[in-house]
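Have a look at the structure below before the remarks.
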Amino acid sequence: MAGGTRGGEAITMVSHDAHAHAAPQGFIRKYIFSLDHKVIGIQYFFLALVAVLTGMFLSLLMRIHLVWPNAHLPIFGDIKPETYLSLLTMHGTIMVFFVLTTAPQGGFGNYFLPIQIGAPDMAFPVLNMLSFWTTFLGFLVLVAAFFVTGGAPLHGWTGYAPLSALPSAGPGEGLGADLWIISIAIFCIGALMGALNFITTTLDMRAKGMTLMRMPLTCWAWFITAILGLLAFGVLLSAGILLLMDRQLGTSFFVPLGTVNGVLTGHKGGSPLLWQHLFWFFGHPEVYIAILPAMGLCSQLLSVFSRKPIFGYKAMVYAIMAIGFLGFMVWGHHMFMSGMSPYSAFAFSIMTMGIGVPSAIKTFNWLGTLWRGKIRFSSPMLFAIGFVSLFVVGGISGPFLAQPVLDIYLHETYFVIAHFHLIMGVASIFGIFAATYYWFPKMFGRMMNETWAKAHFWLTFVGAYAIFMPMHYYGMAAGLRRYSQGTEVAWINALAPIQKFISIAAFITIASQFIFVINLFWSMKKGEKAADNPWEATTLEWITATPPPHDNFGGVTPVVHNGPYEYSVPGAPRDFVMQTDAEVGAKKH
Amino acid sequence: MGLVLLVVIWLITLIGSYFIIAKTWWLPVGASAAAAAIDHHFTVSYILMGSVFILAQLALGWFAWKYRDRGAGSQPAHYSHGNTKLEVLWTILTIILFVGLNLASEPIWSSERLHGASPGAVQVEVTAMQFAWYFRYAGPDGKFGSTKPELEDASLGGAGALGLDSNDPSSKDDVISGVMVVPVNREIEVILRSHDVIHSFFVPAMRFKQDTVPGLAIHMHFTPIQTGDYELACAELCGLGHYKMHGIVKVVSDQEFSQWLAAREAEKQ
Amino acid sequence: MTSFSTTATLDEPAVSRGKQGGPPPIFGGGDDGRSGPGLPDYPTRLRRARLGLLVALTPVLMLFVSFTSAYVVRQGLPTLDPRTNQLVRDWIPVKLPALLLVNTLVLLVSSIGMELARRQSKLAAVAATARPAGGVSVCAKGKTPWLAMTVALGL
């Protein structure tokens, strides 16, 4: 592959001498409390790595318990039903907040948003640093819930009141649940600071010529994700505060008159549905917060590695916006069976089917990008193609769950688990993997080992299908989620072979993730030295040095002349035209 | 690499679809009046969504192989920024497919949820608590006696667990059971309540599910059309015993139902 | 945090207000949290801080919208009284002490006072530079001691 393009014939630069940064001195300023968005991005990335390994380990324990409920594990001993519920609560919370929200947005967004728009840093570096350390604190508080009396909470990541509001409702609902709420509140504050930074940076710090419609789709995705976060996390924060008030101050927002084990709870008049409304008003946009960056990134990769402009750039941008907008109007589809008015259920269902449309447009455009391309199967591309495949399978189960009539049967079964794990979990994780393989050379100056990367892809891709495809069948046969063992209910017990198959597939897939972890650390030290533009891509991060200097472009500011996806332009000297190259006179978009 | 992708994606798609088409693991036989319509809508959705799924996956695998990089001298990629006509066409088709599918299910939803139970329906009050189900019948007077949270004691079982107020005259003839016995071919109106946290009343064979929410008495209805024993289970996370919170719906003939109710009535005297 | 510091040094040139929608800035220039040649110029920083503040107001708004809606919904919501099987509204209105009203008033007045004091001092600064040039009295009023009042209320 051709090397760097810096100093190439047509790159225009504007002198930027008066605004050069002095690189920070000293270990702590440089690596711990750094203000550099690149260091903060890497910090977020490693926080997410620790979190994902923790979450994965919890799922391993859960998978063991589901198949061998009476197994006695070394060190951990027995997994009791309540332990299982704690595991699933913590698995969900860690994965949703500290992996799927943290890695694509906080990690890669932080590192590459400023570079891709030609800015030397985020708008508010101090705020950026604070947002990382707040998130980190949130993670510590959450993990602490494992070690307090009663253990971690068992109310699931959705924390439905009154189960989450009453300490007497079960083990783990005491101090553990308090820590869970506090952790989420802290996370919200960190996420809000991050979102504020992303929006201001995108609006105010684009390089000359980087119009909004010349931004890479990754930047669009991060930008819209930040807006979603800005609107959603405030609501979750307030819901968390109200829940904490119910628990500690004797208010009754979410708890009606009732008893637990024949003992009056001391609350009256609250509404459990109020919590669900507030939670899902946040919760549904959160799904898009997790998936949008992956969608943006995979759009980018499909274009880069097909050597072809993205199919329908504008449609992609509008689709991202439509998803963001509609994402706030569909929260009720989580509540069809909750006792909400059946009329509003139907309205929510129509809106939900509507949100499928922009997602379908994106899928169509991804296929259109591959069509008549010249595909290079590097590891980032494999993960991007894997993402499309998983996005389709995860998306196609959406219209089943979005119809209240079918949701009567499917609600709270493994069909739901399969749906959201594929689309929000695995597809997003594939986006994160693709991002890691794609940007690792830029971040650490070395290539990752391609052979191991491909091995990792095949095992993970087939493994993900082997785990989650059978969950659809399990759900179709009414296998219920959040059951620590299926032995009690006859029809669920009959499905035990599926669970066993899933568990074995999960063990293999989990084991194969260590290929990735080892490759990651090995390549940091021993990987082949990377050129400045190893993938021959066009966006701004590839015009600068590897790794980028402290102010990203070494004292100059790029001037942008082209859209982000000018590949195989007829008449151009190479099959890619950098964004900073002289303007492509050819076709308009 | 393109060929491997094609083979793997196609294989996964075909194997995955096989188990759906073969119905290896499927819904239990429907035993309620609504089941046929719901199952039909499942089939329609599977045919439509399944076709989209299979086509998209096959195309993905096909493109990956067909448009692979064939080396330095080969044809360059086609330079195009998309096709607005195709996009508009695709968007409209998707809207018609998704919204149309949803509208087609409206009559079922309407009869299940928008309309209340008919006046002659058999009323059964379902009470959920950690981790048991209780079913209460109003008795000859047709009135449920009042209950008091202060009197609730799960360890007593039956009337004690529900906190039934024995001073209320209309509670005298209430029948409380741990098994839900209902007559076949009669509409059943369930009144769903919960003492502590949210539970969910799920009978797969009846295609019926509804959360029981503390602080609410939710009225719903279904009509069993086949006699037999059907298992019900809790479908909302309610605590450590969630996995064993299940029970039986016993659908019997109208006559057997009256006899059973009378026998329970007699037991109380 | 320096990026939010609004302690306007008055010898800086006037802010390019209303210049939104113009071409994107040639250079961004991150505020590195320390002074020195690395800082972008003052108008850039001020515009950025203003934009940031505007964006920051959104989650604050969302927070209060959800608090208020939760409060209102909870207030109007009937729940089932298991004793009587009736839907009841059991909202217990909180008796707000009169002091709260006084506090709110003080806060409101002092924030208005602060804004007026800010305008006054800005006007004075403009007048100070304008007087030698024009000779016209720019600042006729503005003798009200807003700043002093705000400080007093702050206590």
Buried accessible area between C and A, both sides, 1.4 Å probe, in Å² rounded to 100, is 3700
Take every Cα-Cα distance within the range A:442-589, group them into 5 Å bins from 0 onward, and report for each bin the whole-number percent of pairs it holds.
-> 2, 8, 12, 11, 10, 9, 10, 9, 8, 8, 6, 5, 2, 1
What FRET efficiency would be calculated for the residue pair A:V517, B:L3, taking the C-beta separation as r and a Förster radius of 30 Å, to the nearest 0.05?
-> 0.50
At 4 °C and 1.567 mPa s, the Stokes-Einstein diffusion coefficient in µm²/s for chain A, with hydrodynamic radius from the Kirkwood sum on alpha carbon pairs, is 52
Diffing the range A:125-137: the Karplus 3J(HN,Hα) column from phi (6.51, -1.76, 1.60, θ = phi - 60°), in whole Hz with x for Gly and Pro, holds x, 5, 4, 4, 5, 4, 5, 5, 5, 5, 4, 4, 4
Karplus-derived 3J(HN,Hα), 6.51/-1.76/1.60, for each residue of the range B:243-255, Hz, glycine and proline x = 5, 10, 8, 9, x, 10, 9, 9, 9, 10, 5, 4, 5
A:E450 versus B:E265: modelled label distance in nm, points set 7 Å from Cα along the beta carbon direction | 8.4
Length gained, A:L140-A:I28, 0.36 nm per residue minus C-alpha separation, equals 38.3 nm
In whole Hz, what ³J(HN,Hα) sequence does the range B:204-209 give by Karplus (6.51, -1.76, 1.60; θ = phi - 60°), x for Gly and Pro?
-> x, 5, 8, 6, 10, 8
If each part is reduced to its alpha-carbon centroid, the range B:53-92 and the range A:503-555 end up apart, in Å, by 27
How much accessible area is lost when chains B and A come together, counting both sides, with a 1.4 Å probe, in Å² rounded to the nearest 100?
-> 9200
The local net charge around A:M448, scoring Lys/Arg +1 and Asp/Glu -1 for residues other than A:M448 whose Cβ lies under 13 Å from its Cβ, equals +4
Chain A, accessible area per residue, ligands and nucleic acids excluded (1.4 Å, Å²) = 28
Under-5 Å amide H pairs with B:T147, H placed in peptide plane, nonlocal only = B:D165
Specify the inter-centroid distance of the range A:290-322 and the range A:206-246, based on alpha-carbon positions, in whole Å.
-> 18
For the protein assembly as shown, give the share of DSSP beta bridges that are antiparallel, in percent and rounded to the nearest 5; count only bridges with both residues there.
-> 75
So in chain B, what percent of DSSP beta bridges are antiparallel if you round to the nearest 5?
-> 70
Interface B-C: total buried accessible area (1.4 Å probe, Å², nearest 100) of 600
Using the Kirkwood radius over Cα pairs, work out the Stokes-Einstein diffusion coefficient for the range A:186-234 at 20 °C and 1.002 mPa s, in µm²/s as a whole number.
-> 191
Using the heavy atoms of the protein chains alone and a 1.4 angstrom probe, what is the accessible area of the range B:120-268 per residue in square angstrom?
-> 33
Give, rounded to the nearest 20 debye, the magnitude of the charge dipole that the range A:338-485 has about its Cα centre when Lys and Arg contribute +1 at Cβ and Asp and Glu contribute -1 at Cβ.
-> 580
Per Stokes-Einstein, at 37 °C and 0.692 mPa s, what whole-number D in µm² s⁻¹ belongs to the range B:75-157, with the Kirkwood radius over Cα pairs as the hydrodynamic radius?
-> 169
Counting only residues 5 or more apart in sequence or on a different chain, those whose built amide H sits under 5 Å from that of A:H267 are A:G258
Could you give the size of the charge dipole of the protein assembly as shown about its Cα centre, using +1 on the Cβ of each K and R and -1 on the Cβ of each D and E, expressed in debye and rounded to the nearest 20?
-> 3140
Pairwise FRET efficiency - A:A545 versus A:L53, Cβ, R0 = 41 Å, nearest 0.05 = 0.85
Mean per-residue count of partner chain Cβ within 10 Å for C:62-74 equals 6
For the range B:120-268, state the semi-axes of the equivalent ellipsoid (square roots of 5 times the eigenvalues of the alpha-carbon gyration tensor), sorted largest first and rounded to whole angstrom.
-> 21, 21, 13
Amide H contacts of B:L232 (H built 1.01 Å from N, under 5 Å, at least 5 apart or other chain) | B:G247, B:I248, B:V249
Cα atoms only, the protein assembly as shown: Rg and Dmax in Å?
-> 31.0, 108
With every protein chain in place, the protein assembly as shown: carbon and sulfur % of accessible area (1.4 Å) | 68
Expressed in nanometres to one decimal, the distance between label points 7 Å along Cα→Cβ at B:L156 and A:M245 is 3.6
Could you work out how far the C-alpha centroid of the range B:144-186 sits from that of the range A:461-479, in angstrom?
-> 41
quick shape note, the range A:211-285: Cα extents on principal axes in Å, largest first -> 63, 18, 17
Would you check the accessible area of B:H246, probe 1.4 Å, heavy atoms only, in square angstrom rounded to 10?
-> 70
Per-pair calculated FRET efficiency, R0 = 60 Å: C:A124 and B:L114 via Cβ, rounded to 0.05 | 0.30
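The values are calculated or read from the model by the stated rules, or taken from the named source; none is laboratory data. Everything quoted here is computed from the prediction, not taken from an experiment. Positions of Cβ are generated from backbone atoms using ideal geometry, with glycine treated the same way; all protein chains shown enter the neighbour counts. Ligands, DNA and RNA are stripped out before the accessible areas are found, and what is left, the full protein with its side chains, is counted by its heavy atoms. Shrake-Rupley method; radii C 1.70, N 1.55, O 1.52, S 1.80 Å.
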